[in-house]
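Each remark here refers to the structure printed beneath this line.
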Amino acid sequence: MSHDTWLHRLALPGARLLAHTPVTPNQVTTARLVLGLAATGLFALGPAWNVAAGLTYLASMILDRMDGVLARLTGRSTPWGHKYDLAVDAVCDAVVFMGIGWGLRDGPLGEGAVWMGMVAGLAVAAVFWLVFRMEAIAGARSAELGSMAGFDPDDGLLAVPLAAFLDWTQPLLIAAAAVAPLFTAFMFWKFRAGPGRA
């Protein structure tokens, strides 16, 4: 992941404020986890809660960038903190699709929405498992894909709050259930090819 995406720039002022306080990067990561789980719960309540869920998830994404920015500003980057950050990302980014699926179960997709949420969520979790494995073999950040125009691949999750604001969670869920397994297959191929050779 790049450290100079639009979301990093958005997180920078907050990180600069926190740099002069006792707040640690891992505490920011924990706040990200709390907000990510809260967003999942709000999505699970159904489409009437989409805007609140989208705002909560967006705040969670900003905190996800803020923890790393704060760690670099204060010289508190650690291997454990990096792993904790990845683990929290895996949980938040996987379960949010499960929450969306559960919240849409009374709509046109019926129980299929729950299964789509599971497929998307498990595929996202599998991507993070592959990242952990690649980093265990080749070192931290060896699984990065780079950024383009100020966006990282995981910034694609900005589609979650955007879909929530526009009431497009059903098309998002359908797309995620189709695309997330394909991205998992790509990451598996990258893993097999070896870091830096895919």
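The values are calculated or read from the model by the stated rules, or taken from the named source; none is laboratory data. What you see is a predicted model, and the numbers here were worked out from it, not measured in a lab. Here the Cβ positions follow ideal geometry from the backbone for every residue, glycine too, while neighbour counts run over all protein chains shown.
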Subset of region 63-86, residues among the aliphatic types (A, V, I, L, M) and either more than 10 Å from the chain's Cα centre (by Cα) or on the phi > 0 side of the Ramachandran plot (or both), comes to 63, 66, 69, 70, 71, 73
| request: Report yes if residue 77 is out of contact with any Asp or Glu (no Cβ under 7 Å at 6 or more places or on another chain) and within 24 Å of residue 184 (Cα to Cα), otherwise no. | output: no
query: Within region 70-78, can one find any residue that is in contact with a Leu (Cβ under 9 Å, 6 or more places away or on another chain), outside any helix (DSSP H, G or I) and either in contact (Cβ under 8 Å) with a residue 12 or more places away in the chain or within 20 Å of residue 171 (Cβ to Cβ) (or both)?
result: yes
When (1) surrounded by fewer than 19 Cβ atoms within 10 Å (Cβ to Cβ); (2) over 19 Å from residue 155 (Cα atoms) are applied to residue 87, the one that fails is (2)
Only unsatisfied item for residue 8, checking (1) modelled with pLDDT of 95 or more; (2) closer than 21 Å to residue 159 by Cα, is (1)
- Message: If I filter region 92-106 for residues that are in contact with a Lys or Arg (Cβ under 9 Å, 6 or more places away or on another chain), at negative phi and among the acidic types (Asp, Glu), do I get at least one hit?
- Response: no
Taking region 1-53 and keeping residues surrounded by 17 or more Cβ atoms within 10 Å (Cβ to Cβ) and among the basic types (Lys, Arg) leaves 32
Scanning region 84-119 for residues that are in contact (Cβ under 8 Å) with a residue 24 or more places away in the chain, of a type in the set (D, E, K, R) and either in a helix (DSSP H, G or I) or in contact with a strand residue (DSSP E or B) (Cβ under 7 Å, 6 or more places away or on another chain) (or both) gives 85, 89, 93
All conditions in (1) under 24 Å from residue 175 (Cα atoms); (2) free of Cβ contacts under 8 Å to residues at least 24 places away in the same chain are true of residue 47 except (2)
